[in-house]
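> Below is one structure. I have some questions about it.
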Amino acid sequence: MTLAIVLTTDETAGLADRLAGQCRRAGIDEVRQVGDLATLADLAESAAGPVLVTGADLVAHTAVLRHLATSPAEPTVALVLAGPPGPGRTAVREDRGQVVAAGSPEALDGEATGVFGGALRVDPANLPVLVAAARSIAAEVVPVGAAAAQGVVDDEPAIDKLFADLVSRDAVTFAHRVRLLVARRVAADDDRAAAEAAVAAVDADRAELRLSVKERDDFFTTVFVSTWSPYVTKLAARLRLSPTTVTMISVAFAVTAALLFGAGGRPALVTGAVLLYLGFVLDCVDGQLARYTRTFSAWGGWLDTMADRAKEFIVYAGLGFGATQAGFRYGWALAIAAMAVQTVRHMTDTWYGALHDEAARRPRATTGGGLGDRLSAASNRVQADVGSVTYWLKRTVVFPIGERWALTALVVALFDQRAALLAVLTGMVLAFGYTAALRLLRARSMRVGVLNTVETTLHRDDGPLARALPTPRWTGPLGLAASAVLVVAVLLGLALIGGDALPRWSALVALGGLLLAAAGARASHGGALDWLVPAALRAAEYLFAIAVGVLGGAPAWLIFGYVFVLTLHHYDLTARLEKRKLAPPWHEATLGWEGRSVVLTLSAITGIAAVGMATLGMYLLVVFVGSVALAWVIQPARAARAAGSVGGVGGRPPG
């Protein structure tokens with residue numbers, strides 16, 4: 001249940017009535033008009049759901065309020081407008097979509113990127129901060145818009161003071177920008193008339209359809225998908241398809257394409273390439289449909305993330321199988337490499353993004369100077385030059401999902417499965433090298449840690465063995481993880497070269513090197529480059545599993561399947577953490593990366609590597625499916641039943 005609170009004064013009573021009506025049309029459950037922050041604090045304190053707070057001087061499309069109230073960003077979202085702030089208005093500075101500073105233009109020292117739009121949505125997690133800020137201001141200020149006790153008129157609106165105080169209390173706040181629609185703050189009747197005319201001049205539904213497309217997307221998506229996908233989005237909305245349904249159709253297209261790639265033959269390869277492209281279009285449409293219909297959910301976001309990766313890796317499986325059937329010996333090896341490299345890349349993306357967000361919240365700690373700062377400044381200039389050649393080059397060189405699928409479809413249609421795998425793997429490696437080099441330089445200049453602000457063992461995916469090992473003093477967690485990757489890579493190289501000649505107990509030696517990384521579980525992870533630790537641990541585990549499979553003579557398709565299940569587990573964990581959700585319910589049952597490696601080692605030494613890998617893979621798959629069912633179906637159903645029974649007879653609490 002969402003509550004809207006409109007801060008009103010005698011002068012803005014008419015606007016407040018209009019704004020309250022718009023809030024109701026926007027689908028907000030309860031709307032209240034209040035004249036002081038003390039009353040606002042009381043209402044917010046008793047609220048059972050999100051609270052939308054707005055000043056009465058806002059003139060905007062109803063869709064702007066609906067978008068703000070239903071924004072998937074958490075936990076606080078503020079309306080931010082372009083242009084210089086007027087008298088008494090609050091300026092804001094953003095970084096990566098977050099409001100990192102708010103106050104007067106003078107206080108921001110010319111670094112303002114926008115102006116507060118007079119409205120914000122606060123989720124229950126931040127309501128105590130909102131209440132504290134409102135009561136703190138109310139203790140010093142008389143009712144909104146009235147004269148101060150000494151006769152001095154306070155010309156700063158209460159909503160601006162409230163927002164600036166909220167940001168100063170380190171409440172994580174995201175900026176909601178207005179595109180195509182109209183939102184203005186008015187100070188006089190002339191301003192109001194002009195703003196209302198601007199609102200009337202815009203077709204809100206047409207604007208919302210265009211807004212469903214991401215403002216800044218990658219080159220292939222922008223040019224070859226988003227130019228026509230809104231028509232598909234409109235059709236899906238008319239057919240009353242849900243975003244989840246569109247996601248499932250996209251998965252079906254990708255799976256069919258993978259089957260055709262596995263079958264081989266020019267007609268099958270060309271048809272598969274077309275289906276792969278259409279599947280990617282639908283992959284864009286599900287997000288556009290969610291934005292157009294405002295049907296967001298944590299389940300939908302999680303499913304979209306998981307489906308994207310599962311589809312991509314299933315396509316690699318189809319290419320690997322098809323290449324092998326066509327006589328290429330290393331078809332499955334290329335598929336395994338593509339999946340592993342892409343997953344490790346994504347892990348570095350996740351943690352570098354978290355590092356960047358942490359640096360944005362602590363801007364004073366990011367002035368390290370040197371090459372890193374110059375690279376950051378250059379990157380920001382390129383990102384600001386939207387549509388330029390350098391802008392598109394920067395977005396393309398990182399080899400995003402659209403470019404990967406486009407290259408795969410084009411090469412497999414023109415050549416074969418082996419060429420497609422080689423092309424996409426080459427692109428991944430080059431992009432990985434480029435982004436890693438730049439990020440290492442920039443991260444050193446930020447001089448902030450990120451893993452020291454979270455539950456490290458959960459993010460590392462440690463098991464009980466890692467948590468029990470003593471912490472060495474001679475190196476940090478990144479050095480230990482890098483050493484483990486090196487040791488395991490050597491084992492894999494020897495297994496590929498030596499084959500059957502390599503003794504099975506060599507897996508035990510490599511396990512000892514792998515457990516070096518486990519020894520860093522309880523060490524401090526506050527180093528400038530420790531954001532690389534989760535990705536290094538993923539690389540070490542994948543390489544070790546591949547090495548054990550090669551050493552034990554496991555079929556290549558089985559190794560692919562086992563690593564695929566591992567990637568599902570790791571993407572599940574990462575997707576939940578990115579969305580500030582709890583860990584998977586059965587996370588402890590996954591044994592941790594070091595526990596799984598011990599099981600594989602024992603199976604290799606006893607000569608049943610293939611059986612051990614298949615059994616462990618099936619076990620992890622069952623745990624994954626069970627966690628998904630428990631987290632997204634069973635637990636919500638239990639919570640709903642519990643909430644329904646709390647009211648007791650007549651809707652009153654029992655007892």
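The values are calculated or read from the model by the stated rules, or taken from the named source; none is laboratory data. Fair warning: this is a prediction, and the values are worked out from it, not measured in the lab. Glycine gets a Cβ as well: all are built from the backbone with ideal geometry, and neighbour counts include every protein chain shown. For the accessible areas, the whole protein counts, side chains as well, though only heavy atoms, and no ligand, DNA or RNA atoms are used. Shrake-Rupley method; radii C 1.70, N 1.55, O 1.52, S 1.80 Å.
> Out of curiosity, is residue 435 within 21 Å of the chain's Cα centre (by Cα), part of a helix (DSSP H, G or I) and not hydrophobic (A, V, I, L, M, F, W, C)?
Criteria met by residue 435.
> Pairs only if they're at least six apart or on different chains, beta carbon under 6 angstrom, first in segment 294-309 and basic (Lys, Arg), second in a helix (DSSP H, G or I); list them, first residue then second.
Listed by first residue and then by second, the contacts come to 309/571.
> Could you tell me whether segment 613-627 includes any residue that is over 22 Å from residue 560 (Cβ atoms), in a helix (DSSP H, G or I) and touching a residue at least 40 places away in the same chain (Cβ under 8 Å)?
Yes, the conditions are met somewhere in segment 613-627.
> Looking at the structure I just gave you, is residue 541 of a type outside the set (A, V, I, L, M, F, W, C), open to solvent by 20 Å² or more (accessible area, probe 1.4 Å) and assigned to a helix (DSSP H, G or I)?
Taking the combined requirement at face value, the residue does not satisfy it.
> From the list 404, 473, exactly one residue is among the basic types (Lys, Arg) and either touching a helix residue (DSSP H, G or I) at 6+ places or on another chain (Cβ under 7 Å) or in a helix (DSSP H, G or I) (or both). Which is it?
After ruling out the rest, the residue left standing is 404.
> Evaluate segment 542-555: report whether one residue or more is within 27 Å of residue 322 (Cα to Cα) and free of Cβ contacts under 8 Å to residues at least 12 places away in the same chain.
Within segment 542-555, none of the residues are within 27 Å of residue 322 (Cα to Cα) and free of Cβ contacts under 8 Å to residues at least 12 places away in the same chain.
> Something else about it: Take the conditions surrounded by fewer than 23 Cβ atoms within 10 Å (Cβ to Cβ) and not in a helix (DSSP H, G or I) and apply them to residue 253. Does it pass?
No.
> Looking at 139, 146, 133, 175, which one is open to solvent by 10 Å² or more (accessible area, probe 1.4 Å), closer than 20 Å to residue 5 by Cβ, small (Gly, Ala, Ser) and at pLDDT 85 or above?
139 is the lone residue from the list that is open to solvent by 10 Å² or more (accessible area, probe 1.4 Å), closer than 20 Å to residue 5 by Cβ, small (Gly, Ala, Ser) and at pLDDT 85 or above.
> Which of the residues spanning segment 576-603 are surrounded by 20 or more Cβ atoms within 10 Å (Cβ to Cβ) and part of a helix (DSSP H, G or I)?
Matches in segment 576-603: 576, 590, 592, 593, 594, 596, 597, 600, 601, 603.
Yes or no, residue by residue, for (1) at pLDDT below 80; (2) surrounded by 15 or more Cβ atoms within 10 Å (Cβ to Cβ); (3) farther than 30 Å from residue 310 by Cβ; (4) not small (Gly, Ala, Ser):
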| site | (1), (2), (3), (4) |
| --- | --- |
| 360 | yes, yes, yes, no |
| 372 | yes, yes, yes, no |
| 376 | yes, yes, yes, no |
| 391 | no, yes, yes, yes |
| 410 | no, yes, no, yes |
| 413 | no, yes, no, no |
| 427 | no, yes, no, no |
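> Being open to solvent by less than 10 Å² (accessible area, probe 1.4 Å) and either of a type in the set (Ser, Thr, Tyr) or not in a helix (DSSP H, G or I) (or both) is true for just one of 324, 350, 305, 343. Which residue is that?
Testing whether each residue is open to solvent by less than 10 Å² (accessible area, probe 1.4 Å) and either of a type in the set (Ser, Thr, Tyr) or not in a helix (DSSP H, G or I) (or both) leaves just 343.
> Within segment 190-213, can you find the residues that are outside any helix (DSSP H, G or I) and modelled with pLDDT under 90?
Result: no residue meets the conditions.
> For segment 83-102, which positions are open to solvent by 10 Å² or more (accessible area, probe 1.4 Å), over 23 Å from residue 296 (Cβ atoms), in contact (Cβ under 8 Å) with a residue 60 or more places away in the chain and not in a strand (DSSP E or B)?
Listed by number, the residues that qualify are 86, 87, 88, 89.
> I would also like to ask the following. Hey, can you tell me all the residues within segment 24-78 that are of a type in the set (Lys, Arg) and either open to solvent by less than 20 Å² (accessible area, probe 1.4 Å) or in contact (Cβ under 8 Å) with a residue 60 or more places away in the chain (or both)?
66, the sole residue that qualifies.
> Could you tell me whether segment 270-291 includes any residue that is touching a Lys or Arg at 6+ places or on another chain (Cβ under 8 Å), among the hydroxyl-bearing types (Ser, Thr, Tyr) and part of a helix (DSSP H, G or I)?
Checked against the condition, which is being touching a Lys or Arg at 6+ places or on another chain (Cβ under 8 Å), among the hydroxyl-bearing types (Ser, Thr, Tyr) and part of a helix (DSSP H, G or I), segment 270-291 yields no hits at all.
> Now for a separate question. Only one residue in 56, 82, 91 is of a type in the set (Gly, Ala, Ser) and over 18 Å from residue 173 (Cα atoms). Which one?
One residue alone meets the criteria, 56.
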